[in-house]
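Have a look at this one.
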Amino acid sequence: MTKGETIHASAVLVGERAVIIRGPSGSGKSRLAAKLLDAAKGGLLPYARLVADDRVRIFAAHGRLLVAAPDTIKGMIEVHGLGIRAAECEPVAVAGLVADLAAADAARMPENVAAELCGITIARLPVAAGAEAFPILLAALASAAKG
């Protein structure tokens, strides 16, 4: 695997691109990842699979930002109230969106928001502290799918 860095985040492959979920401790990263996985099981999303929970390896390859789980936590997700559980996981995925929970720069109508990770610029969705991230993220994913 190409050298990169490990960040405090979760990542879920939704369709063809992964969503990187960042935020401070306790902001709901694992909870949002679990909701995305449940949404796919319930048919609300066509496909979702865990890439990593709590820590994500990020690295650039061929102009794309890739995400993977560190070996020590591969295939594990924290379920609030139950602890660490096993989960099917995608070994590596191309990232397409960063969702920043409890973002200080969240706006009612954000424009042209992007994040740069490992020298790669991708779309960014800032979500305000206290806001319900799941419906906002679903709307962003639906908008992106429509082009």
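With n ≥ 4 as the cut-off for DSSP H runs, can you work out [θ] at 222 nm for the chain, using -39500 (n - 2.57) per run divided by the number of residues, rounded to the nearest 500?
Counting only the DSSP helices, I get -6000 deg cm²/dmol.
Rank-order 25-33, 86-94 by packing density, defined as the average count of other C-beta atoms within 10 Å over each peptide's residues, highest first. It would help to have the intermediate numbers written out before the result.
Values: 25-33: 18.2, 86-94: 15.2.
Result, highest mean first: 25-33, 86-94.
Additional query: Per 0.36 nm of contour for each residue apart, how much would the distance between VAL113 and GLU132 grow if the chain were fully extended, relative to their Cα-Cα spacing? Numbers along the way, then the final one.
On the way: separation 19, 0.36 × 19 = 6.84 nm, distance 1.90 nm.
That pair, VAL113 and GLU132, stretches by 4.9 nm at full extension.
Return the FRET efficiency for the residue pair GLU5, LYS74: r is the Cβ-Cβ distance, R0 is 30 Å, and the value is rounded to the nearest 0.05.
Working: r = 17 Å, r/R0 = 0.57.
Efficiency at R0 = 30 Å is approximately 0.95.
Taking every pair of Cα atoms in the chain, average 1/r, invert it to obtain the Kirkwood radius, and report Rg/Rh to two decimals.
Numbers: Rg = 14.1 Å, Rh = 15.1 Å.
With Rh from the inverse mean 1/r over Cα pairs, Rg/Rh is 0.93.
Cross-link candidates for LYS29: which aspartates and glutamates have Cα within less than 14 Å, leaving aside residues fewer than 8 places away along the same chain?
Partners within reach: ASP53, ASP54, GLU78, ASP100, GLU132.
Whole Å is fine, so just give me how far the alpha carbon centre of region 99-146 lies from that of region 10-24.
Value for the Cα centre distance between the two parts: 11 Å.
DSSP beta bridges in the chain, what fraction antiparallel, as a percent rounded to 5?
Numbers: 29 of 39 bridges.
Bridges in the chain that DSSP calls antiparallel: roughly 75 percent.
If we count every other residue with Cβ under 12 angstrom of ASP71's Cβ, Lys/Arg +1 and Asp/Glu -1, where does the sum land? Show your work: numbers first, answer last.
Numbers: positive: ARG55, ARG57, LYS74; negative: none.
Surrounding charge for ASP71 is +3.
Which one, ALA129, ALA69, ALA11, has the greatest fluctuation when you compute a Gaussian network model over the chain with C-alpha springs under 10 angstrom?
Among ALA129, ALA69, ALA11, the largest mean-square fluctuation in the Gaussian network model of the chain belongs to ALA129.
Computed from the coordinates by the stated procedures, all read-outs in this text should not be read as laboratory data. Not measured: the values here are computed from a predicted model. In this analysis, Cβ positions are derived from the backbone assuming ideal geometry, glycine residues included, and neighbour counts consider all displayed protein chains.
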